[in-house]
Amino acid sequence: MKTLMSVVLVSAVIAALSGCASLGPQEAPRYYVLGAASAKAAQVSTPRGSTLLVVPTVASAFYETQEIVYSRAPGERAYYVFHMWTERPSRRIFELFVVRLEHERLFKAVAAAGSGVHGDLILNAYLTEFYHDAASSPGRVRISMTAELVDPVARVLLARRVFDQTTATRTNDAQGAVQAFGDAVDALFDDICAWLDASAPR
């Protein structure tokens, strides 16, 4: 009986090892940097005298990750395997947006909230959608963000708007989505900057 159990155990180990070997080499994970917004010539010659504080972008729980999200059916979401961002999109968007706002020269100064700088206005941003819609080829990336402009002294919500941006992908895969995300983020920044210029008091 003991010998039979040993034979069974050895056979199970050999089968497991054979199964692992049959899988072959595993694909190495690939990491992508969310593209920076393109530099554009500032349109405002005289910036406002106020300082804008930008609060770090908050994302919906499913998107608060380095995984790249895709969808093949309405109401469904999944993560690409072996394809990830170098950092969470919410954090990267925040970093890129601060740089873009500084370049736009809409305000005397732009700083991150919590940096110790006194601000006259606060910008909140909530990332509610950030995924590759691959339901049909070649697909599109979809971004939805809610922005709020707040006067912290008067404790007044000055303006609030939901921004939706879609950009077609060249290929229906993670690599195609990454390039399209960069273009979509750039267009999103264009819309938010125009909204800020129209909404922020002078």
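The values are calculated or read from the model by the stated rules, or taken from the named source; none is laboratory data. Note that the coordinates shown come from a computational prediction; the quantities given were computed from them, not determined experimentally. Please note: Cβ atoms are built from the backbone with ideal geometry, for glycine as well, and neighbour counts cover all protein chains shown. With ligands, DNA and RNA removed, areas are computed over all heavy atoms of the protein, side chains included. Shrake-Rupley method; radii C 1.70, N 1.55, O 1.52, S 1.80 Å.
The rows are residues; the columns are (1) without any contact (Cβ under 8 Å) to a residue 12 or more places away in the chain; (2) open to solvent by 60 Å² or more (accessible area, probe 1.4 Å).
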site	(1), (2)
ARG91	no, yes
ARG105	no, yes
ILE122	no, no
LEU127	no, no
SER137	no, yes
LEU157	yes, yes
ALA177	no, no
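Does any residue of segment 18-28 turn out to be among the aliphatic types (A, V, I, L, M), modelled with pLDDT of 95 or more and outside any helix (DSSP H, G or I)? Don't jump to the end; show me each part of the working.
First, pick out the residues of segment 18-28 that are among the aliphatic types (A, V, I, L, M): 21, 23, 28.
Within this subset, residues satisfying the condition of being modelled with pLDDT of 95 or more are none.
Checked segment 18-28: no residue is among the aliphatic types (A, V, I, L, M), modelled with pLDDT of 95 or more and outside any helix (DSSP H, G or I).
For a quick check of your reading of the model, give me the residue pairs whose first member lies in segment 186-202 and is open to solvent by 50 Å² or more (accessible area, probe 1.4 Å), whose second is at pLDDT below 95, with beta-carbon atoms closer than 6 Å and at least 6 apart or on different chains.
Every condition considered, the pairs that remain are ARG202/ARG48.
Testing SER144 on (1) surrounded by 17 or more Cβ atoms within 10 Å (Cβ to Cβ); (2) out of contact with any helix residue (DSSP H, G or I) (no Cβ under 7 Å at 6 or more places or on another chain); (3) in contact (Cβ under 8 Å) with a residue 60 or more places away in the chain, one condition comes back false. Which one is that?
Only one criterion in (1) surrounded by 17 or more Cβ atoms within 10 Å (Cβ to Cβ); (2) out of contact with any helix residue (DSSP H, G or I) (no Cβ under 7 Å at 6 or more places or on another chain); (3) in contact (Cβ under 8 Å) with a residue 60 or more places away in the chain is unmet by SER144, namely (3).
Would a scan of segment 51-63 turn up a residue that is hydrophobic (A, V, I, L, M, F, W, C) and without any contact (Cβ under 8 Å) to a residue 12 or more places away in the chain?
Residues of segment 51-63 hydrophobic (A, V, I, L, M, F, W, C): 52-55, 58-59, 61-62.
Pick out the ones that are also without any contact (Cβ under 8 Å) to a residue 12 or more places away in the chain and you get 61.
Taking every residue of segment 51-63 in turn, at least one turns out to be hydrophobic (A, V, I, L, M, F, W, C) and without any contact (Cβ under 8 Å) to a residue 12 or more places away in the chain.
Restricting to segment 164-175, what's the tally of residues that are open to solvent by less than 50 Å² (accessible area, probe 1.4 Å) and touching a strand residue (DSSP E or B) at 6+ places or on another chain (Cβ under 6 Å)?
Adding up the residues that qualify gives 3.
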